[in-house]
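Undergrad: Input: one structure, supplied below.
What follows draws every value from the coordinates through simple rules; no lab data is involved. These figures come from a predicted structure and were not determined experimentally. Because the Cβ atoms are built from the backbone with ideal geometry, glycine has one as well, and the counts that use them run over all protein chains shown.
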Amino acid sequence: MSIKMKRLVGFLGFLTICLPVILISCKNKDKKLPNKNIADNIYFDYKISAEEGYDNLTVLLKYRDGDKTGEAFTPVVLGNVKLDGEILVSDSSKMNGVFYEIQKPISAFSGKHSITFSAIDGTVYSEVINFSPMSLISAIPETINKEDLVLDFAGLENEDYVRIVLTDTSFFNDGINRVEPVLNNQMILPKKDLDNLADGPIFLEFIREFERPIMNAGKAGGRVRINYTLRRSFNLQN
């Protein structure tokens, strides 16, 4: 018998001995897997988006695998989802996977709302969300000078944070984009910020980007995000 043939016979003999051991080991490992509550591995990802000037807001709900970057579970793995007792129908897209989305009138949505998730194993989690639309009380003139601008809001907490975005029509700067504190519903846009902008048309955005942890969820947890956007424009002059 040649050397190659001897090596082949030896290798086949090795597989004959080891393969059953490997299979038995794998089988035993499967048996030891714990029976987990399916909701423990679901990350609850809730988002409400609204914008002044539009009649409706959007409620977007996703149930992800493990954390906020995980893939969305399919309805077969989940159960049913309700908003204020109304059962939501799932949808899907190639980019977002499975999600639950519904639009509601902004004017009628202020206040507390309940999102209820019922897992296929009977576990039920209910989350109460409070929605308060942000509004700008201060009237911004069509033309303003480069000086401190006091802005009064409504619908915010006594201590809150709002992203402010200011852009001009110049190609020489990136404008302003940062999160500012709002105390007692008031913000001051300082003169030095306006000095950095070119004279002419200015586009202004206020975005409240609220986020908090889910209070009632499995071990994976979750988050609630509420975004509300206001837009204004004016002419800036020296």
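Undergrad: Please identify the chymotrypsin sites (Phe, Trp or Tyr not before Pro) of the stretch 137-203 that satisfy two criteria: DSSP loop assignment and at most 12 other Cβ atoms within 10 Å. Which are they? Mind dumping the intermediate values first?
TA: On the way: sites: F153, Y161, F171, F172, F203; in loops: F171, F172.
Here the chymotrypsin sites (Phe, Trp or Tyr not before Pro) that fit, given the DSSP loop and packing criteria, are F171, F172.
Undergrad: What list of ³J(HN,Hα) values in whole Hz, one per residue of the stretch 207-224 in order, does the Karplus curve 6.51 cos²θ - 1.76 cosθ + 1.60 (θ = phi - 60°) give from phi, with Gly and Pro shown as x?
TA: For the stretch 207-224, the Karplus curve yields 10, 8, 10, 8, 9, 8, x, 5, 7, 10, 7, x, 5, 6, x, x, 9, 10 Hz.
Undergrad: For the stretch 173-238 and the stretch 65-119, compute the distance between their C-alpha centroids and round to whole Å.
TA: Answer, in whole Å: 27.
Undergrad: Moving on to the next point. Among K104/K219; K82/K112; K68/K104; K62/K112, which pairs are too far apart, with a Cα-Cα distance over 22 Å? Don't skip to the end; give the middle numbers.
TA: On the way: K104/K219 30 Å; K82/K112 14 Å; K68/K104 25 Å; K62/K112 20 Å.
Checking Cα-Cα distances, K104/K219; K68/K104 exceed 22 Å.
Undergrad: At 7 Å along the Cα-to-beta-carbon direction for both A154 and K112, put a label point, then send me their distance in nm to one decimal.
TA: 2.3
Undergrad: Between F234 and E71, what is the label-point separation in nm under the 7 Å Cα-to-beta-carbon projection?
TA: Each label point lies 7 Å from its Cα, and together they span 5.0 nm.
Undergrad: At K219 and L183, where each label point lies 7 Å from the Cα along Cα→Cβ, what is the point-to-point distance in nanometres?
TA: 4.4
Undergrad: Could you derive backbone 3J(HN,Hα) for the stretch 138-150 from the dihedral phi with the Karplus parameters 6.51, -1.76 and 1.60 (θ = phi - 60°), listing whole Hz in sequence and x where the residue is Gly or Pro?
TA: Working through the residues one at a time gives 5, 8, 9, x, 4, 10, 10, 8, 7, 8, 3, 10, 8 Hz.
Undergrad: Taking the Cβ of each residue in D174, D193 as the centre, tally the other Cβ atoms inside 10 Å and list the residues starting with the fewest.
TA: D174, D193
Undergrad: While we're looking at this one, here's another question. What relative contact order, as a whole-number percentage, does the stretch 89-238 give when Cα pairs under 8 Å and 6 or more residues apart are counted?
TA: Values: 281 pairs, mean separation 32.2, N = 150.
21 percent.
Undergrad: Okay, moving on. For the stretch 72-79, just list the computed ³J(HN,Hα) in residue order, Karplus coefficients 6.51, -1.76 and 1.60, θ = phi - 60°, integers in Hz, with x standing in for Gly and Pro.
TA: Each residue of the stretch 72-79 in turn: 6, 6, 7, x, 4, 7, 8, x Hz.
Undergrad: Quick check on the exposure proxy: order V128, V182, V224 from fewest to most C-beta atoms within 10 angstrom.
TA: Details: V128 11, V182 23, V224 20.
In order of increasing Cβ crowding within 10 Å: V128, V224, V182.
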